[in-house]
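**Q** To start, I am sharing the structure in question, which I have written as structure tokens.
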Amino acid sequence: MPVAIQVRNVPEATRDALAAEAEARGQSLQLFLADVLEREAASAHNRAWVRSRRGMGPVVTGGPTTRELIEDGHRERDRAILDAVGLDDVPVAE
């Protein structure tokens, strides 16, 4: 169930900037601020998840590195190009 949140002592310039942004998006200030709060809550959840996993090390170990996977993909692409143009006897650079 939704709850009401009241924020006091917000500078007028801050309110005006938020109202202008809401208007530019075609939203009411209330809807715009609710969206801002929802995004912040989701980000807070994500940050908490990251903090809880700090120091745990990689999830997967022993496999190829990202660099190795990219280099393998480049070699496969180069081989396919050479084969397609009839240069299947030309070695692919390592």
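**Q** What are the pairs with Cβ atoms under 8 angstrom where one residue, in region 1-27, is modelled with pLDDT of 95 or more and the other, located anywhere, is in a loop (DSSP other than H, G, I, E, B)? Sequence gap at least six, or different chains.
**A** Final answer for the pair search is Ala22/Ser28.
**Q** Identify all residues within region 16-40 that are surrounded by 10 or more Cβ atoms within 10 Å (Cβ to Cβ) and among the hydrophobic types (A, V, I, L, M, F, W, C); write none if there are none.
**A** Passing the criteria: Ala17, Leu18, Ala19, Ala20, Ala22, Leu29, Leu31, Phe32, Leu33, Ala34, Val36, Leu37.
**Q** Follow-up question, since we're still on this one. Does region 13-55 hold any residues that are among the β-branched types (Val, Ile, Thr) and either outside any helix (DSSP H, G or I) or under 25 Å from the mean Cα position of the chain (by Cα) (or both), and which are they?
**A** Matches in region 13-55: Val36, Val50.
**Q** Tally the residues that are of a type outside the set (Ser, Thr, Tyr) and outside any loop (DSSP other than H, G, I, E, B), restricting the search to region 60-94.
**A** Residues in region 60-94 being of a type outside the set (Ser, Thr, Tyr) and outside any loop (DSSP other than H, G, I, E, B): 18 in total.
**Q** Would you say Gly63 is of a type outside the set (Ser, Thr, Tyr) and loosely packed, with under 10 Cβ neighbours inside 10 Å?
**A** yes
The values are calculated or read from the model by the stated rules, or taken from the named source; none is laboratory data. Note that this is a predicted model, so its numbers are computed, not measured. Because the Cβ atoms are built from the backbone with ideal geometry, glycine has one as well, and the counts that use them run over all protein chains shown.
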